[in-house]
Amino acid sequence: MSIEERLDKLRLKRGFTWDELGIELKLSRAMLHYVRKCERAMSERALFRLAEAERAAGITPPLISYGEQQPNAAMLHDTPAKKVIAKLRRQVEELLETINELES
């Protein structure tokens, strides 16, 4: 079950609005929106709070390690590694330009 499905299930089971669910999980309504749209990933702490809230509501959370959350679009497309790689590529391009200038 995806994080988005888990959030929906918990909200409906508890009869919460998205604002109330955010308060329960200590997340802003905006963050919940981003997670539901796969634009952001939940932190391990937030996933732990989600699992605790699910247990309190009588829902059994999935048996996955919090460090192994199912990837969503945000995790696949907006990772720190991709940002570092993009920065390194720019630096390499600048170095190659400098080398070309010095050789000519």
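The values are calculated or read from the model by the stated rules, or taken from the named source; none is laboratory data. Just so you know, these numbers come straight off a predicted model, no measurement behind them. Note that we place each Cβ from the backbone using ideal geometry, even for glycine, and neighbour counts take in every protein chain shown.
Before moving on, here are some points about what is shown:
- Checked against the criterion of being part of a helix (DSSP H, G or I), surrounded by 18 or more Cβ atoms within 10 Å (Cβ to Cβ) and either in contact with a Lys or Arg (Cβ under 7 Å, 6 or more places away or on another chain) or modelled with pLDDT of 95 or more (or both), the candidates Leu7, Leu47 yield just one match: Leu7.
- Pick from region 79-104, criterion basic (Lys, Arg) and at pLDDT below 80, ranking: farthest from Glu39 (Cα to Cα): Lys87
- Tabulated pairs, region 20-48, first under 15 Å from Asp8 (Cα atoms), second of a type in the set (Asp, Glu) and surrounded by fewer than 17 Cβ atoms within 10 Å (Cβ to Cβ), C-beta under 6 angstrom, 6+ apart or interchain: Arg29/Asp19; Arg36/Glu4
- Among (1) outside any loop (DSSP other than H, G, I, E, B); (2) modelled with pLDDT of 95 or more - the single one Val35 does not satisfy: (2)
- Flag for Arg40 being surrounded by 14 or more Cβ atoms within 10 Å (Cβ to Cβ), in a helix (DSSP H, G or I) and either basic (Lys, Arg) or at pLDDT below 95 (or both): no
- Filter result for Ile59 (modelled with pLDDT of 90 or more and out of contact with any Pro (no Cβ under 7 Å at 6 or more places or on another chain)): yes
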